[in-house]
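The values are calculated or read from the model by the stated rules, or taken from the named source; none is laboratory data. Given the structure is predicted, the values throughout are model-derived calculations rather than measurements. Heads up, the Cβs are rebuilt from the backbone with ideal geometry, glycines too, and the neighbour counts pull from every protein chain shown. Side chains are part of the model used for accessible areas, which takes the heavy atoms of the whole protein and leaves out ligands, DNA and RNA. Shrake-Rupley method; radii C 1.70, N 1.55, O 1.52, S 1.80 Å.
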Amino acid sequence: MFRTTPTRLASVLALTVVALMASGCASMIPGLYPPTPVTAQGHDIGNLYDIVFLIAAAIFFVVEGFIIYAVIRYRRRPTDTELPPQIHGNNLVEIIWTVIPTVIVAYLFVVSWQTLNTVEATSQNPQVHVVAIARRFSWSFEYLGPDGKSLVNGPDGKAVELPGTMVVPAGQTVRLSLHSPDVIHAFYVPQFLFKRDVVPGHENTFDFTVDATDAGQTFRGQCAELCGVGHQGMSFEVQAKTPAEFDTWLQQQITQAKAVPSPPPSGKAPSGSPGASPSAPPAAVSLDLTAKNVAFDKTSLEAPANQPFDIKFTNDDQGTQHNVDIHKDSPTGQVVFDGEVITGPDTRLYQVTPLPAGTYAFVCKVHPTTMIGTLTVK
Amino acid sequence: MTASGHALTTEHSPVAGLAHDTRGGISNPILGMLLFITSEVMFFAGLFGAYFTVRASTNPWPPGPEQVGEGMAEKFNLHADPYLAALLTVVLVTSSFTCQLAIWAIRKNDRRGLVRGIAVTLILGILFLIGQAYDYSQLGFGLTDGTFGTTFFTLTGFHGAHVLGGTIMLSVILYRAMAGQFSARHHDAVEATSIYWHFVDVVWIALFSTLYIL
Amino acid sequence: MATTALHPAVPAYRSGLYEWITTTDHKKIGILYVVNSLLFFFIAGLLALGVRAELAQPKVQFFAPDVYNQLFTMHGTVMIFLFIIPILAGFANYVVPLQIGAPDMALPRINALSFWMLPLGGILMFTGFATGGAAAEGWTGYSPLAQRAYSGTGTDLWDVGLVLIGTSSILGAVNFLTTIFKMRAPGLTMFRLPILVWTVLVTSVLVLMATPVFTSALIMLFIDRNYGGHFFDPATGGNAILWQNVFWFYSHPAVYVMVLPAMGMVSEILPVFSRKPLFGYKAFVFATAGIGALGFSVWAHHMFTTGAVFLPFFSLMTFLIAVPTGVKMFNWIATLFRGQLIFATPMLFALGFLTMFLIGGINGAFSAAVPVDFALHDTYWVVAHLHYVLFGGSVFGMFAGLYYWFPKMTGRLLNEALGKLHFVLMFIGFNLTFFPMHMLGLAGMPRRVADYSANAGWSDLNLLASIGGFTIAASMLPFLWNVMLSLRNGEIAGDDPWEANTLEWATTSPPPPYNFDHLPEIRSERPLFDLRHAGAAHSALPAKYAETHS
Ligand code: HEA
Ligand code: HEA
Ligand code: CUA
Ligand SMILES: [Cu+2]
């Protein structure tokens, strides 16, 4: 019943994979390499990755090579009428192929432990201490002074959280503490090659230093731990400035915050516009919008152009989450406003920053295929 | 068959596959019970693990007046009044002995001794359950009262459920014993039940030590 | 063989529905397991196709985030708990008693109970879709997200369903261990057991020790959600990391529950189709036991970024587990060396296992280097890893076993051409789907996202992965077609179509109730080989299989 004719299929296919993998590392378009790191710690991790990758690639090619060799060389031939030698094993080779991998993994363990120590090392006196607050589904940042007290405070003396963007001085050590009031999130900036969970009831802290040469750059960051319906949109930005620029910026925040009452933590500014203006002048226009039975009560809204307005959003669906996002042009267009997701029954006052005249769509991001309406701004 | 030349010892029986359980030693149901109990041990290990984790991250333990208020802190202080629990421990340990007496009896084919032993064990088991229900009614705190209440009631509650399961098994054994279904050669079910009962007893000793003494 | 004298037992398997529902025959229960698991495989596969459809392009097209989260949660949960673990248990159920020359499992009624808990648990879990949404916290169900405040009834059903499925596993493990310890045929010493039986033994120990801990975690979660308990929610004094510790204390050993029996199957198949004994039998036994033991000391490698575990220890143990796995890999390859390889479909899938599991193992070792895991954790890299080990490993191994034992189970052979088509399509589709995920992960794409930015540069690779996903689905069509054809009028298999080594091939296909009326004498781990080459196991006899015995 055997097809004694040898099939080279398996070997050919295995070769294809090898080729695919090789081309992946050669051309490096996304490729099998992490992005170029932009922090001191990231460089260490990148170097460790190089070592691990090289060893892994070597093991991969050697072992796959043996398999493919065996498949081609030892396929049954029509002339094979006798049983092959019935070899049951060999203790020497068992020892060899136990010891060699043990040595390899021991080495890998040692180098990764060393890297771990440098990555986890904390400075005695970091220049800046930032607290990142991750809540469903947005990020905001507080700046602390050496005494551990908030620097950016409202007129009432309460700490002001700057939404959406973390600004840091390049070339200086930044200490970041992570705080979550609800579920677990994770602080992740791909170009840092680093992430750390934001665990409620357990504050994580680490240091990082953005390369001085990267001042002026902005890095994309994202929540990496599933935290609910808004998880995929829970992004932030890290802006690196020169230390001088940073000081100016921070000073500006401190004065601005003192001048105006801090807004209730409602809609966050769309990522892209740095959280420079935590305050908005009181809006003249307020629109009402209600979600009930997984539908908006209105299919169209109107708002004035180039001035801030409010949306009073009521969620009447018991236990269901809704929000209001505003997209440019169409329901899949660019997001220009991202309202906090609320679980019904509840109400929020969303403060929308001025929009240029045009057609927009308002969408619940939890139910983006069904809860849609048009917003005309003129 | 190549084996045809051999005598029909077990080793060369042509129907070896049918002649299962001829290797002597422990019987299938008892081995099964031992393995099942291994899994039960791990189940309680999970609960104990949770208890110790919560306890390690709560200082002081039990939570004091600053954390939960004067009244609650007093109720949480189980060390102050472990007497009822200690009495229940005595009850359960005694029942383990009576259960073992029953086993020894039936191994000697003493069916009366078996019925007597199992009956006393069953009564002690029920006594324990009543005692624990009474204790619950006197504690003054509940499952929802902080991590202390949650862990206390989960641990003792699951143990109680196992005691209840044990008493049901004992009842069945008692019924079958009175119907004369067991003998010195045939009493796997009794052995298995007694192993289970000893296990429930051991879990209680561990519980009593951690909750009331440690 | 003497056994062919028994009338073909095929008609016995055509008996009525009632017979199937009430059966305690390990062979029927084994088949029930396999069919039930394949059904759930297709359902979970369809959910995965939903995931791939949504991710093919940026923007939300088909599934809103709340539905998307349910899709991958149910996909992962069902694939793991209702497909791969039970289907391997199903093959073990069918094969182990036969391989040890036993008439049935040690506790046949408990065996039936174990099986019937599975569809029940599965149905419970799926009713979530009808009660306002199934569980949506990922198969890992992290708290506080899985607490009442953030999730609905679907999560309770998920929880209860898993308790049932876990209990089924535990009872199954008790049964396997009792069977293997107590029901071996005379002469079948522990070191003559087929490797598959050894892997099932170690797997059962893992289930017995780990699954109850998961059950306890699920029960604590249930208490938190429904009775106001405070185990896992920090908002009320609980500990969010505690859930992760108990969950992974189970779920890491569980990944070996998901792969060891597949390794066992491959260890049966490679020697048969290489016409050589397994190289390094004892090394396999020790490596399997070693993996099992080490498996209990690595769980926190899933928690490297929590900042709440002792990193160097778990890093070291995780690295070390590559050693016994490597020993297995090298012994498999040595089995091929100097053999006469026959590329029948089971062999192709077994080779698929070797080549693909290797990739999954190696990319797992990346994560053992803690700082590297800081970059890779919760990105698509991990999704690539888990599919290379679970699909490239376990699923390829499972299909190898399916093609290998199908003739024994049904009495009929599967068509080779369709089988090869299945393999080729699946192999290509698999790599198309999951290889690009390495690159996506490195480029920073987090897992469990319904949408991604169009200018992140991830669109092409995602499209590729989606095309691959549908290719895998397409590969199931020749497979299903093959099974249907073969059940109707496939070639009759005979007792031993593969010239295999182990006892199950000494009885009819399918075997009669109680399996054997005769057993050959057992003097090695290859009793049938000994029988064919009576007395000259170590010399190279002409491959003419004389029908002289008996
Ligand atoms: C069948 C299932 C299976 C198997 C067998 C494995 C095997 C391994 N896994 Fe995997 N793993 C999963 C299923 C599995 N895993 C799943 C499902 C997840 C994700 C869970 C989730 O979050 O949803 C996961 C996640 C996961 C993580 C967490 C990643 C993260 O979230 O950040 C880590 C970290 O260390 C890891 C490591 C390993 C290692 C080191 C092995 C080793 O056992 C591999 C050993 C094998 C080899 C290395 C190849 C052969 C060896 C040689 C040829 C010798 C020479 C090699 C060397 C010297 C390196 N796995
Ligand atoms: C054994 C385990 C297993 C298997 C086999 C698979 C198979 C597949 N998986 Fe996986 N997957 C997991 C286990 C598995 N998965 C786990 C544990 C997770 C993590 C979940 C989590 O994050 O919580 C995951 C997550 C996961 C993700 C990440 C989701 C996210 O993070 O957002 C993706 C994305 O592409 C994916 C895709 C696929 C695909 C395309 C397949 C394909 O192989 C599927 C192939 C398709 C089919 C098999 C369908 C065939 C059916 C037909 C052709 C119809 C015939 C119908 C009838 C006869 C009725 N899976
Ligand atoms: Cu926050 Cu995901
Ligand atoms: Cu793991």
task = Could you sort the residues of segment A:98-125 by number and keep only those whose accessible area is reduced by 20 Å² or more in the all-protein-chain setting relative to the chain alone, 1.4 Å probe?
result = A:Thr98, A:Pro101, A:Thr102, A:Val105, A:Leu108, A:Phe109, A:Ser112, A:Trp113, A:Leu116
ask   = Once the Cα atoms of helix A:91-120 and of chain A are each reduced to a long axis, what angle between those two axes, in degrees from 0 to 90 to the nearest 10, is obtained?
value = 20 degrees
Residue-wise HN-Hα coupling along segment C:257-269, computed from phi with Karplus coefficients 6.51, -1.76, 1.60 (Hz; x: Gly, Pro) = 4, 7, 10, 4, x, 5, 4, x, 4, 4, 5, 7, 7
task = Please state the charge dipole magnitude for segment A:285-377, taken about the Cα centre, from unit charges on C-beta atoms (+1 on K and R, -1 on D and E), reported in debye and rounded to the nearest 20.
result = 100 debye
note = B:Leu127 and B:His186 label points (each 7 Å along its Cα→Cβ direction) are spaced in nm at 3.4 nm
ask   = Using alpha carbons only, how many degrees (0 to 90, rounded to 10) separate the axis of helix A:9-27 from the longest principal axis of chain A?
value = 50 degrees
query = Relative to a virtual label point 7 Å from the Cα of A:Thr376 in the Cα→beta-carbon direction, which members of segment A:286-320 show backbone nitrogen distances below 15 Å?
reply = A:299-305
ask   = Residues with beta-carbon under 14 Å from that of A:Lys292, excluding A:Lys292: net charge, scoring Lys, Arg +1 and Asp, Glu -1?
value = -4
task = On a 0 to 90° scale, report how tilted helix C:281-294 is relative to the longest principal axis of chain C, with both axes built from alpha carbons and the result rounded to the nearest 10.
result = 20 degrees
ask   = What list of ³J(HN,Hα) values in whole Hz, one per residue of segment B:74-79 in order, does the Karplus curve 6.51 cos²θ - 1.76 cosθ + 1.60 (θ = phi - 60°) give from phi, with Gly and Pro shown as x?
value = 5, 5, 5, 6, 5, 5
request  = Please report Rg over Rh for segment C:12-549, where both radii come from the alpha carbon positions and Rh follows the Kirkwood definition.
outcome  = 0.96
ask   = Zone of C:Ala456 (label point 7 Å along Cα→Cβ, backbone N under 18 Å): which residues in segment A:211-228?
value = A:218-228
ask   = Expressed as a fraction of 2.2 N^0.38 Å, the rule-of-thumb size for a compact globular protein of N residues, what is the C-alpha radius of gyration of chain A?
value = 1.35
request  = Can you bin segment A:285-377 into rounded, prolate or oblate? Criterion: square roots of the alpha carbon gyration tensor eigenvalues sorted a ≥ b ≥ c, rounded for a/c under 1.5, prolate for a/b above b/c, oblate for the rest.
outcome  = prolate
query = Got a sec? What order do A:Ile95, A:Ile55 fall in by accessible area at 1.4 Å, biggest, i.e. largest, first?
reply = A:Ile95, A:Ile55
request  = Putting +1 on Lys and Arg Cβ atoms and -1 on Asp and Glu Cβ atoms, find which of B:Trp104, B:Thr121, B:Ile205 reaches farthest to the positive end of the dipole of chain B.
outcome  = B:Trp104
note = Expressed in angstrom and rounded, the centroid-to-centroid distance over alpha carbons for segment A:47-80 and segment C:322-361 is 11 Å
request  = Please report the relative contact order for chain B, taking Cα pairs under 8 Å with a sequence separation of at least 6, and give it as a percent rounded to a whole number.
outcome  = 26 percent
ask   = Given a Förster radius of 25 Å and the C-beta distance between A:Ile95 and A:Tyr33 as r, what FRET efficiency does 1/(1 + (r/R0)^6) yield to the nearest 0.05?
value = 0.10
query = At what distance in angstrom do the alpha carbon centres of segment B:127-186 and segment C:218-293 lie from each other?
reply = 31 Å
ask   = In the structure displayed, which of C:Lys27/C:Lys182; A:Lys195/A:Lys365; A:Lys195/A:Lys312; A:Lys149/A:Lys328 lie more than 30 Å apart, Cα to Cα?
value = A:Lys195/A:Lys312; A:Lys149/A:Lys328
request  = Would you check the accessible area of C:Ile223, probe 1.4 Å, heavy atoms only, in square angstrom rounded to 10?
outcome  = 20 Å²
task = Using the Cα centre as the reference, give the magnitude of the dipole from point charges on the C-beta atoms of chain C (Lys, Arg: +1; Asp, Glu: -1; all else neutral), rounded to the nearest 20 debye.
result = 780 debye
ask   = Got a sec? What order do C:Leu336, C:Leu17, B:Leu35 fall in by accessible area at 1.4 Å, biggest, i.e. largest, first?
value = C:Leu17, B:Leu35, C:Leu336
query = In square angstrom, rounded to the nearest 10, how much accessible surface does C:Met220 have for a 1.4 Å probe?
reply = 0 Å²
task = Work out the FRET efficiency for C:Arg109 and C:Phe296 from their Cβ-Cβ distance, taking R0 = 30 Å, and round it to the nearest 0.05.
result = 0.45
ask   = Between rounded, prolate and oblate, where does segment A:128-259 land on the alpha carbon gyration tensor, with a ≥ b ≥ c its root eigenvalues, rounded for a/c under 1.5, else prolate if a/b exceeds b/c?
value = oblate
query = Once the Cβ-Cβ distance between B:Leu87 and C:Leu46 is put in as r, and R0 is 51 Å, what FRET efficiency do you end up with, to the nearest 0.05?
reply = 0.30
key: Over chain A, relative contact order from alpha-carbon pairs under 8 Å, at least 6 apart, %   = 13 percent
ask   = So what is the relative contact order for chain C, in percent, with contacts set as C-alpha pairs under 8 Å and at least six apart?
value = 18 percent
ask   = Given C:Pro512, C:Asn455, C:Tyr68, which one lies farthest toward the positive end of the charge dipole of chain C, if we put +1 on the Cβ of every Lys and Arg and -1 on the Cβ of every Asp and Glu?
value = C:Pro512
query = Okay, helix-only estimate at 222 nm for the protein assembly as shown: each DSSP H run of n ≥ 4 adds -39500 (n - 2.57), divide by all residues, round to 500 deg cm²/dmol; what do you get?
reply = -17500 deg cm²/dmol
request  = Note down the accessible area of C:Trp243, probe 1.4 Å, to the nearest 10 Å².
outcome  = 0 Å²
remark   = Residues meeting the amide H criterion for C:Leu341 (H placed from the backbone, H to H distance under 5 Å, 5 or more places apart or on another chain) are A:Arg75, A:Arg76
A:Arg135, B:Arg111, reordered so the largest accessible area comes first (probe 1.4 Å) = B:Arg111, A:Arg135
task = Just grab the label-to-label distance for A:Phe53 and B:Gln138, each label 7 Å out from Cα along the Cβ direction, in nm (one decimal).
result = 6.9 nm
remark   = The alpha-carbon center of segment A:85-132 and that of segment C:14-49 are separated, in whole Å, by 43 Å
ask   = Taking only protein heavy atoms and a 1.4 Å probe, what accessible area per residue, in Å², does chain C have with all protein chains in place?
value = 27 Å²
request  = Determine, at each q value in 0.10, 0.14 (inverse angstroms), the log₁₀ of I(q)/I(0) that the Debye formula gives when each Cα of chain B is one equal point scatterer.
outcome  = -0.57, -0.88
remark   = Applying the gyration tensor rule to the Cα atoms of the protein assembly as shown (axes a ≥ b ≥ c; rounded if a/c under 1.5, else prolate if a/b exceeds b/c, else oblate), the class is oblate
request  = Can you pull the one-decimal nm distance between simple spin-label points at A:Val294 and C:Ile492, each 7 Å off the Cα toward Cβ?
outcome  = 5.6 nm
